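Visitor: Below is the structure I would like to discuss, written out as structure tokens.
The values are calculated or read from the model by the stated rules, or taken from the named source; none is laboratory data. All figures in this text were calculated on a predicted structure; none of them were measured in a lab. Positions of Cβ are backbone-derived with ideal geometry, glycine not excepted, and every protein chain shown enters the neighbour counts. Accessible surface areas use protein heavy atoms only, side chains included; no ligands, DNA or RNA. Shrake-Rupley method; radii C 1.70, N 1.55, O 1.52, S 1.80 Å.
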Amino acid sequence: MRNTNLMALGVSALIGLSTVVSPMAYAQSEQIENQKEAEEGLSLGETYYVTANRLTVRSLNKTPLGYLNRSDKVELVDNSSDLPEGYVLVKVTYSFNYDAKGKRIRGNQYLVSSKYLSGEKNDYRNFDGKYFVIQNLATERLRVYEKQCNEDQACKHKMIMETEMVVGENTSDGGTRTYVGSYRLTEWVKFYEDGKGEYPAWYKEGYPFPPGPESGAMTWFRDKYMPEENGKPKGSMRGAFGWYAALVGPNHNSQWTHGTIGWGENKDEFILKTKKFFSNVVSDPRSHGCSRLNNEAIAFLREKLPVGTPFIKIYAKEALLDGDRLDYPERTNTWDYILTKERTSKAYSSDEQKVLERGVSQDMWLEQGRFEYDAYPNLVYYTPAKSLWGWRAKLKDRGNVYKVRKKAMRGVYFVDAGLLFDYQHPIDSEKHNKIEVGGFKDEVAPNYMWLNRKEISLDRMSWDDPEVKRKYYQK
């Protein structure tokens with residue numbers, strides 16, 4: 001653990017990589033019994049919805065052939081005891097996915113795990129929670145808002161946290177750009193890693209201990225920190241998904257919001273380096289479409305945001321509804337955390353008080369710290385594409401990371417109120433400017449995110465932020 005309290009106990013205790021306690025035999029037996037009941041509860045010929053974000057479809061000998069997404073539909077063909085335990089045979093009736101050979105999955109039969117099938121569709125579209133998230137891809141800022149609406153449904157929300165993020169790389173074919181869209185949080189995963197093993201988990205029992213906070217970015221690429229398979233290191237970058245990953249849907253294109261390399265002690269170091277001159281001249285340091293945050297920020301989101309929370313991704317110019325920001329007397333707030341080695345399906349919170357209440361022993365602690373986060377909304381100015389030759393769009397605070405032309409930018413996003421006005425996703429005739437859309441196909445954002453001109457005045461709005469030193473263009 002990276003704090004003086006743990007140092008006193010001996011950091012060497014961490015090197016032993018204490019294991020997460022395995023389920024007891026009785027728990028395994030109970031799980032098998034529940035699984036059998038689930039299979040018996042499914043009826044032949046009935047339609048079921050997929051409840052996992054990514055459910056593998058397999059051949060009769062369990063060879064992986066592709067995957068289904070949450071809310072895809074299947075028809076049950078066989079649930080007999082002749083099939084492998086825990087699996088049923090289904091016919092895919094609704095899915096836009098393709099198998100490993102490039103053929104449509106829809107219409108074909110596969111084995112799938114029965115525990116991820118439900119007779120009810122739950123896409124969280126109508127989730128009514130306390131918070132929502134807006135990611136402005138143009139400015140690479142993520143903001144969390146507390147929903148505030150009166151009885152007439154006139155809304156002016158309160159921003160509680162703002163942080164920098166890194167979006168997908170702007171490659172020539174646009175294949176790695178982050179999609180805009182209206183999504184819902186469907187699952188939290190702690191120490192996420194990809195299925196191919198290309199990006200091993202930040203921490204996992206049996207893996208080498210991750211590089212320390214004093215290590216540079218390239219250290220996380222070294223073979224000595226990769227797990228071994230058949231005596232050889234496997235993986236190209238350790239800990240790429242950081243401490244937590246927020247999975248979203250529908251139509252997510254496997255673009256999550258997650259942490260990054262480094263420790264909490266590193267703060268924004270590896271996020272800011274991605275936006276530096278040298279990094280962008282010699283490489284393409286952004287993601288393949290995911291939204292990347294520092295680890296303290298993603299751990300804070302895990303603490304605040306339950307499954308179902310709206311994640312709204314836009315590409316917009318920013319303004320202030322109240323140029324004086326009178327609703328924001330505080331600049332920063334803090335949150336105390338303890339990162340633990342627990343790696344379970346519950347993706348436990350790292351909130352310090354909750355960790356202590358769970359009674360997690362100190363040999364299971366990895367890092368204890370305090371996250372000081374920005375609670376005061378600031379603008380990032382839009383720069384027209386014609387002024388962003390070469391790699392300039394990818395540098396910090398250009399406000400137009402994908403070089404979208406000015407005429408394609410529609411409406412405005414009021415960062416201090418969490419509201420949109422006359423906004424539309426950019427539509428640009430030039431292929432290299434195209435921004436793809438995911439999420440719910442018929443929703444740009446929930447109704448409470450749209451400014452109501454009858455109830456909310458624009459008299460105090462401002463395109464200017466006197467606290468922003470580097471001003472380019474805006475109106």
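Visitor: Round to the nearest 10 and give me the degree value, 0 to 90, for the angle of helix 25-40's Cα axis relative to the longest principal axis of the chain.
Guide: 80 degrees
Visitor: If you look for lysine pairs in the range 265-364 that are eight or more places apart or on different chains, how many of them have Cα atoms under 29 Å apart?
Guide: For the range 265-364, the number of qualifying lysine pairs is 25.
Visitor: Continuing with this model, one more query. If the viscosity is 1.002 mPa s and the temperature 20 °C, what Stokes-Einstein diffusion coefficient in µm²/s follows for the range 48-195 when Rh is the Kirkwood radius over Cα pairs?
Guide: Once the numbers are plugged in, D ends up at 116 µm²/s.
Visitor: Give, as a single signed number, the net charge of other residues whose beta carbon lies under 9 Å from the beta carbon of Gly259, with Lys and Arg counted +1 and Asp and Glu -1.
Guide: Numbers: positive: Arg292; negative: Glu296.
The answer is 0.
Visitor: Ignoring chymotrypsin sites (Phe, Trp or Tyr not before Pro) that are buried or in helix or strand per DSSP, and keeping those with at most 12 other beta carbon atoms within 10 Å, what is the longest stretch of the chain between them? Write out the running numbers ahead of the final one.
Guide: Working: sites that count: Phe96, Trp389.
Of all site-free stretches, the longest is 97-388.
Visitor: Calculate how steeply helix 295-304 sits against the longest principal axis of the alpha-carbon atoms of the chain, using the helix alpha-carbon long axis, and give the answer as 0 to 90 degrees to the nearest 10.
Guide: Computed tilt is about 80 degrees.
Visitor: At 1.002 mPa s and 20 °C, plugging the Kirkwood radius over alpha-carbon pairs of the range 388-459 into Stokes-Einstein gives what diffusion coefficient in µm²/s?
Guide: Working: Rh = 14.3 Å.
Rounded, D is 150 µm²/s.
Visitor: Tell me, what is a quarter of the convex hull surface for the C-alpha atoms of the range 292-433, in nm² with one decimal?
Guide: For the Cα atoms of the range 292-433, the hull's average projected area reads 11.8 nm².
Visitor: Below 8 Å between Cα atoms, with a sequence gap of 6+, how large is the relative contact order for the chain in percent?
Guide: Values: 1068 pairs, mean separation 81.1, N = 475.
Across the chain, relative contact order equals 17 percent.
Visitor: Excluding Gln153 itself, calculate the net charge of residues whose Cβ lies under 14 Å from the Cβ of Gln153, where each Lys or Arg counts +1 and each Asp or Glu counts -1. Don't skip to the end; give the middle numbers.
Guide: On the way: positive: Lys147, Lys156, Arg453, Lys454; negative: Asp128, Glu151, Asp152, Glu455.
It works out to a net charge of 0.
Visitor: Given the C-alpha atoms of the chain, compute the convex hull and give its volume per residue in Å³.
Guide: In the chain, the Cα hull volume divided by residue count equals 179 Å³.
Visitor: Going out from 0 in 5 Å bins, what whole percent of all Cα-Cα distances in the range 156-280 drops into each bin?
Guide: Spelled out bin by bin, the range 156-280 gives 2, 10, 16, 21, 20, 16, 10, 4, 1, 0, 0, 0 percent.
Visitor: May I ask you to give the solvent-accessible area per residue for the range 342-433, in square angstrom, as obtained with a 1.4 angstrom probe?
Guide: Accessible area per residue, the range 342-433: 44 Å².
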